[in-house]
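Engineer: Dropping the structure in here first, questions after.
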Amino acid sequence: MKSSPISKLLQEHKALFTIIVVGLFLLELEIFALAVMQSGKQSVLQVLDNQGDVIHETSGSNLSDFNRTNFEKVFGSLDQYTVRLHKHDAPFPFRAWFVAAICIPIGAMMLFAFVVKAYLVIFHGEKVDKMAAGDSGSVNEPDVESKLESTLNRIGRMNIFNIGFLVFIGVISYWIIPNMFTYLGQVGFDFFIQYEWVFFVLIGIVVCVCLWIVYLRYLLAKKSIQSHTELQKHRISLEYHAGSNQPLQLEGPSDTNQDIIDYKPEKTEETTPPS
């Protein structure tokens, strides 16, 4: 029974895969810890001027010596300003944690794979081509393998760069698209508040155009109904005259006098033939 290439690879580089798995676990744990630190009860130390405007703020309940020194270099002595501690409850940043938990490991592995592949292609191009040709020949050999190994083999034959790129783009879209809609909504709302008369004028124009279109359709429907009524009246009149066994006549306007044209044949004298 032959072992699959995936199982051979796992056996040969077992220590390397163990290090990679442990490193990914620690990386994911650190990302989750950072997300937890950004949620919950947060304290922000704010420095206000005489007008009550915030001119400086920093996270935490105390101002460190480094921040105090930098602040006094720019704004002067801290005693001249009002210091306020602002506390708020921040929710867990699920989208930021989800995007970071997927994109950071994938991006790191793709960057590492790109560097290794570029090094092999540049400095060992002939050996890489021979190894690729040998692998393509061994893949076609029939092996007895389990369902899990066959699934892993199918996944292994796929281009990892394409898969990683699609996953990376999908997760980044999950982060960017909602933020883009939020930003566009905020900008649109601010524009509406600042130039609301423009929207009212546009709404008025649209309403007037709609009313004009409705009125034109009403006139068209009215004219169509009148034409249909006249056609029905004429059809009923023709059926009535056809049922009375009389020749069909063309009716003129009711307010005009019709001239009756009579035809009288001329009388001719009978001539007797000469005897």
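The values are calculated or read from the model by the stated rules, or taken from the named source; none is laboratory data. Note that the coordinates shown come from a computational prediction; the quantities given were computed from them, not determined experimentally. Note that each Cβ is placed from the backbone with ideal geometry, even for glycine, and that neighbours are counted across all protein chains shown. For the accessible areas, the whole protein counts, side chains as well, though only heavy atoms, and no ligand, DNA or RNA atoms are used. Shrake-Rupley method; radii C 1.70, N 1.55, O 1.52, S 1.80 Å.
Engineer: Looking only at region 171-199, which residues are open to solvent by 90 Å² or more (accessible area, probe 1.4 Å) and of a type in the set (Ser, Thr, Tyr)?
Structural biologist: Within region 171-199, THR182, TYR183 qualify.
Engineer: Taking only region 17-58 into account, find how many residues are in a loop (DSSP other than H, G, I, E, B) and over 19 Å from PRO93 (Cβ atoms).
Structural biologist: Residues in region 17-58 being in a loop (DSSP other than H, G, I, E, B) and over 19 Å from PRO93 (Cβ atoms): 5 in total.
Engineer: A further question on this structure: If the requirement is being of a type in the set (S, T, N, Q) and open to solvent by 60 Å² or more (accessible area, probe 1.4 Å), which of these qualifies: GLN42, GLN46, GLN38?
Structural biologist: Values: GLN42 fails: open to solvent by 60 Å² or more (accessible area, probe 1.4 Å); GLN46 fails: open to solvent by 60 Å² or more (accessible area, probe 1.4 Å).
Testing whether each residue is of a type in the set (S, T, N, Q) and open to solvent by 60 Å² or more (accessible area, probe 1.4 Å) leaves just GLN38.
Engineer: If you don't mind, another one. Residue under question is GLU12, and the condition is that it be over 44 Å from the mean Cα position of the chain (by Cα), modelled with pLDDT under 80 and acidic (Asp, Glu); does it hold? If you could, list the steps in order and put the result at the bottom.
Structural biologist: Details: over 44 Å from the mean Cα position of the chain (by Cα): yes; modelled with pLDDT under 80: yes; acidic (Asp, Glu): yes.
It is true that GLU12 is over 44 Å from the mean Cα position of the chain (by Cα), modelled with pLDDT under 80 and acidic (Asp, Glu).
Engineer: Which one is surrounded by the fewest Cβ atoms within 10 Å (Cβ to Cβ) among residues in region 74-128 that are in contact with a helix residue (DSSP H, G or I) (Cβ under 9 Å, 6 or more places away or on another chain) and under 21 Å from GLY60 (Cβ atoms)?
Structural biologist: This residue is PHE92.
Engineer: Can you name every residue in region 184-215 that is at pLDDT 85 or above and among the hydroxyl-bearing types (Ser, Thr, Tyr)?
Structural biologist: Once the filter is applied, which keeps residues that are at pLDDT 85 or above and among the hydroxyl-bearing types (Ser, Thr, Tyr), region 184-215 yields only TYR215.
Engineer: Follow-up. Would region 75-95 turn up any residue that is closer than 25 Å to GLU30 by Cβ, in a helix (DSSP H, G or I) and not hydroxyl-bearing (Ser, Thr, Tyr)?
Structural biologist: Yes, there is a match, as at least one residue in region 75-95 is closer than 25 Å to GLU30 by Cβ, in a helix (DSSP H, G or I) and not hydroxyl-bearing (Ser, Thr, Tyr).
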